[in-house]
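Colleague: My questions all concern the structure below.
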Amino acid sequence: MKANQLKWGSSLSYIQMALNILIGLLYTPVMIRLLGDSEYGLYNTVSSTISMLSILSLGIGSGYIRYYSKYKAANDKDSIYRLNALFLVIFTIIGTVAFVCGIFLSNNLRIVFDEGLTAKEYEIARVLMLLLAFNLAISFPASLFSHIITAHERFIFLKLLGMVRTVFSPLITLPLLLMGYRSIAMVTVTVSVYLLVDIIYFLYVVFVLKEKFVFGKVENGLFRSLMIYTSFIAINLIVDQVNSNLCKFLLGRFHGTTVVSVYSVGYTIYTFYMMFSTSVSSVFTPRIHGIVNNDKIPDKRKSLTELFIKVGRIQFIILSLIASGLIFFGKAFIVNYWAGANYGDAYFVVLLLVIPSTIPLIQNLGIEIQRAQNKHKFRSIAYLFMAAINFALTWVLAQRYGAIGATIGTATALLIANGFVMNIYYHKKCNLDIIAFWKSILRMTPALLPPAVIGILALKYINQGSILLFLGSIAVYAVVFAASMWLLGMNDYEKDLVRKPLRKILRKKKV
């Protein structure tokens, strides 16, 4: 039962990732055209502002499964029920605070937008702020129910419901937008769908899993222990929110909503890019903990480095195809076929985010290696400093250079923290040979030269305004990239990842 839950839950995670990307690619340009540049930017600015309030959770939810597992191992159901009640109270208080903050912001919108909106836009922003604040407030206590379902390892139900939420919100919203309704209707639908899913979570927990909520005294020191455990997770959460939403917030304040819409288009493509990396590394978590905790392995540094390099090379192959493709074909895609002619600067936003972030994305296995060795505190502190640098640079550059300036601030912080600081820490403290890692990656770079030549020729001689020529040039580029990487970059292990599935398919056809 549990094996099937893990297997199908993992498969459904990939399907959900694909749906997120597909819906984003199809839905975003429609939304831009129907809402207009200004209202699309307004929606993104308000969403980012409310999203930043999610730092109020302080990462507390991550502690639920830890303590649930502890009580479950002791078969202590009473403590589990009290734990449920404790987290429900904590999350309800956090949700209430978040809603009060949302009400305050909705009545003081000049904190967010300064003087950059018309009277009508201020009214729309006020309603959007209240709706999204309500959604966030409900999401805090509702998140407990998804944690409980996760603790019971009911991954199939969880992922299927997540997929329903991913699909239904735009599916219902699209007809409303086509009928002339605007951002308020769109957000109302989103809030309604999320609320419905949260109610289903609650019903499943109470009536299927038979969980209870007993309010009363909990284990001595539990709350203090929980705060200590989640403190560094909270720092990571704060950093993530700063990096994700700071640029939109500052651009909305300094330049208005149209510039925010340009940045948002670029950032949307960047989020798709990040998904391809995490989908590869997530399956190696158990193996990392096995190496770290197995005292019979004589050279853990060598074992960890080999795994780090193995996964990093696979990620580099995938991400270098996408990143290089964005360099040669990204501008035509954004301007001619996706967002529109007003979004040329979004291309530079994409490149400024994608290129420096490739370093941590091909090394994201290192995050789990740090956790397995209980050395993740340094990363939290380093990223906190990165967020401070990001804030300072973005504040200055966003005022002068708009969306591109704001992105330069984020890109610089990414390079400092991930390109230098974390690589030194990995090498010195985390049992990883980073020099060997980068030597292995650099040995693959000659494989990028032939497709780069094709990309340059496509830019110079192919009319990318023709959809057939555009798609044809991308297809040729992908084929040349694959052939070049096969001949000049990939090792036998990586080639076997392709050969073995193909052999199985051919054998089945023969039978």
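Colleague: Can you say whether LYS217 is buried (at least 19 other Cβ atoms within 10 Å of the Cβ), modelled with pLDDT under 90 and of a type in the set (Lys, Arg), as far as the supplied structure shows?
Modeller: Against the criterion (buried (at least 19 other Cβ atoms within 10 Å of the Cβ), modelled with pLDDT under 90 and of a type in the set (Lys, Arg)), LYS217 does not qualify.
Colleague: When GLY340 is evaluated against the numbered criteria (1) on the phi < 0 side of the Ramachandran plot; (2) buried (at least 16 other Cβ atoms within 10 Å of the Cβ), which criterion, by number, is the only one it fails?
Modeller: Unmet condition: (1).
Colleague: Follow-up. Check the stretch 491-509 and report whether any residue there is under 30 Å from VAL260 (Cβ atoms), of a type outside the set (Val, Ile, Thr) and over 29 Å from the mean Cα position of the chain (by Cα).
Modeller: No; the residues of the stretch 491-509 include none that is under 30 Å from VAL260 (Cβ atoms), of a type outside the set (Val, Ile, Thr) and over 29 Å from the mean Cα position of the chain (by Cα).
Colleague: Further question: Applying the selection to the stretch 137-194, what residues are in contact (Cβ under 8 Å) with a residue 60 or more places away in the chain, over 23 Å from MET17 (Cα atoms) and among the aliphatic types (A, V, I, L, M)?
Modeller: The answer is ILE138, LEU177, LEU178, ILE184.
Colleague: Please indicate, with yes or no, whether at least one residue in the stretch 244-260 is surrounded by fewer than 21 Cβ atoms within 10 Å (Cβ to Cβ), modelled with pLDDT of 85 or more, of a type in the set (Ser, Thr, Tyr) and within 29 Å of LYS331 (Cβ to Cβ).
Modeller: Yes; the residues of the stretch 244-260 include at least one that is surrounded by fewer than 21 Cβ atoms within 10 Å (Cβ to Cβ), modelled with pLDDT of 85 or more, of a type in the set (Ser, Thr, Tyr) and within 29 Å of LYS331 (Cβ to Cβ).
Colleague: Yes or no: PHE391 surrounded by 15 or more Cβ atoms within 10 Å (Cβ to Cβ), in a helix (DSSP H, G or I) and not polar (S, T, N, Q)?
Modeller: Yes: the conditions hold for PHE391.
Colleague: If only one of GLU211, GLU123, GLU219 is among the acidic types (Asp, Glu) and part of a helix (DSSP H, G or I), which one is it?
Modeller: GLU123
Colleague: Could you tell me whether any residue of the stretch 116-135 is touching a helix residue (DSSP H, G or I) at 6+ places or on another chain (Cβ under 7 Å), at pLDDT below 85 and surrounded by fewer than 20 Cβ atoms within 10 Å (Cβ to Cβ)?
Modeller: Checked the stretch 116-135: no residue is touching a helix residue (DSSP H, G or I) at 6+ places or on another chain (Cβ under 7 Å), at pLDDT below 85 and surrounded by fewer than 20 Cβ atoms within 10 Å (Cβ to Cβ).
Colleague: Keeping to the stretch 81-92, report how many residues are farther than 13 Å from PRO141 by Cα and without any contact (Cβ under 8 Å) to a residue 40 or more places away in the chain.
Modeller: Residues flagged as farther than 13 Å from PRO141 by Cα and without any contact (Cβ under 8 Å) to a residue 40 or more places away in the chain within the stretch 81-92 amount to 0.
Colleague: Residues that are part of a helix (DSSP H, G or I) and either in contact with a strand residue (DSSP E or B) (Cβ under 8 Å, 6 or more places away or on another chain) or over 21 Å from PHE308 (Cβ atoms) (or both): does the stretch 358-376 have at least one?
Modeller: No, the stretch 358-376 contains no residue that is part of a helix (DSSP H, G or I) and either in contact with a strand residue (DSSP E or B) (Cβ under 8 Å, 6 or more places away or on another chain) or over 21 Å from PHE308 (Cβ atoms) (or both).
Colleague: OK, next. Count, please, the residues in the stretch 47-68 that happen to be closer than 16 Å to THR230 by Cα and either acidic (Asp, Glu) or part of a helix (DSSP H, G or I) (or both).
Modeller: So the count comes out to 11.
Colleague: Moving on to the next point. Scan the stretch 457-464 and give yes if some residue there is outside any helix (DSSP H, G or I) and either surrounded by 15 or more Cβ atoms within 10 Å (Cβ to Cβ) or in contact with a Lys or Arg (Cβ under 8 Å, 6 or more places away or on another chain) (or both), otherwise no.
Modeller: Yes, the conditions are met somewhere in the stretch 457-464.
Colleague: Could you list, in sequence order, the residues of the stretch 420-472 that are touching a residue at least 12 places away in the same chain (Cβ under 8 Å), among the small types (Gly, Ala, Ser) and more than 30 Å from ARG379 (Cβ to Cβ)?
Modeller: ALA447, ALA452, GLY455, ALA458, GLY465
Colleague: Pairs, please: C-beta under 7 Å, at least 6 apart or cross-chain, first residue under 15 Å from HIS255 (Cα atoms) and in the stretch 31-52, second not in a helix (DSSP H, G or I)?
Modeller: From residues that are under 15 Å from HIS255 (Cα atoms), the pairs are GLU39/ARG182.
The values are calculated or read from the model by the stated rules, or taken from the named source; none is laboratory data. None of the values given here were measured: they were computed from a predicted structure. Cβ coordinates were reconstructed from backbone atoms using ideal geometry, including for glycine residues, and neighbour counts include every protein chain displayed.
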